[in-house]
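The values are calculated or read from the model by the stated rules, or taken from the named source; none is laboratory data. This one's a predicted model, so the numbers in the text were calculated from it and none came from an experiment. Cβ atoms come from the backbone with ideal geometry, glycine included; neighbour counts cover every protein chain shown.
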Amino acid sequence: MGSAADVEKPGGGVDEEALNMSVRKFLKTLGVTAQREIELAVREGIDAGDLRGDEALEATATVAVSGLPQEVVVTGTIRLS
């Protein structure tokens, strides 16, 4: 027996569980990839002398989803020490 989220709404609808799982999978891939690239860039910046290793770097991530009208912007600080 399915849950209420599995019942299609009149005129179409979304499978909330499928949406949730798909978004989580995308965000996991995004997070792992972004972390790897940021760590690599920081190491390269330190090796090149562009960073000391004690900075606090302001970060902005923008996610655009084709077919959706707005982007999602997240900001924060990455502290190196």
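Say we look at region 1-16 and pick out the residues that are of a type outside the set (A, V, I, L, M), over 29 Å from residue 76 (Cβ atoms) and surrounded by 10 or more Cβ atoms within 10 Å (Cβ to Cβ); which of these is modelled with the lowest pLDDT?
Ranking the qualifying residues of region 1-16, first place goes to 6.
When you look at residue 22, is it surrounded by fewer than 10 Cβ atoms within 10 Å (Cβ to Cβ), of a type in the set (Gly, Ala, Ser) and free of Cβ contacts under 8 Å to residues at least 40 places away in the same chain, yes or no? Spell out how you get there, then give the answer.
Working: surrounded by fewer than 10 Cβ atoms within 10 Å (Cβ to Cβ): no; of a type in the set (Gly, Ala, Ser): yes; free of Cβ contacts under 8 Å to residues at least 40 places away in the same chain: yes.
In short, no.
State whether the residues of region 37-51 include one that is surrounded by fewer than 11 Cβ atoms within 10 Å (Cβ to Cβ), at pLDDT 95 or above, in a helix (DSSP H, G or I) and among the hydrophobic types (A, V, I, L, M, F, W, C).
Within region 37-51, one or more residues are surrounded by fewer than 11 Cβ atoms within 10 Å (Cβ to Cβ), at pLDDT 95 or above, in a helix (DSSP H, G or I) and among the hydrophobic types (A, V, I, L, M, F, W, C).
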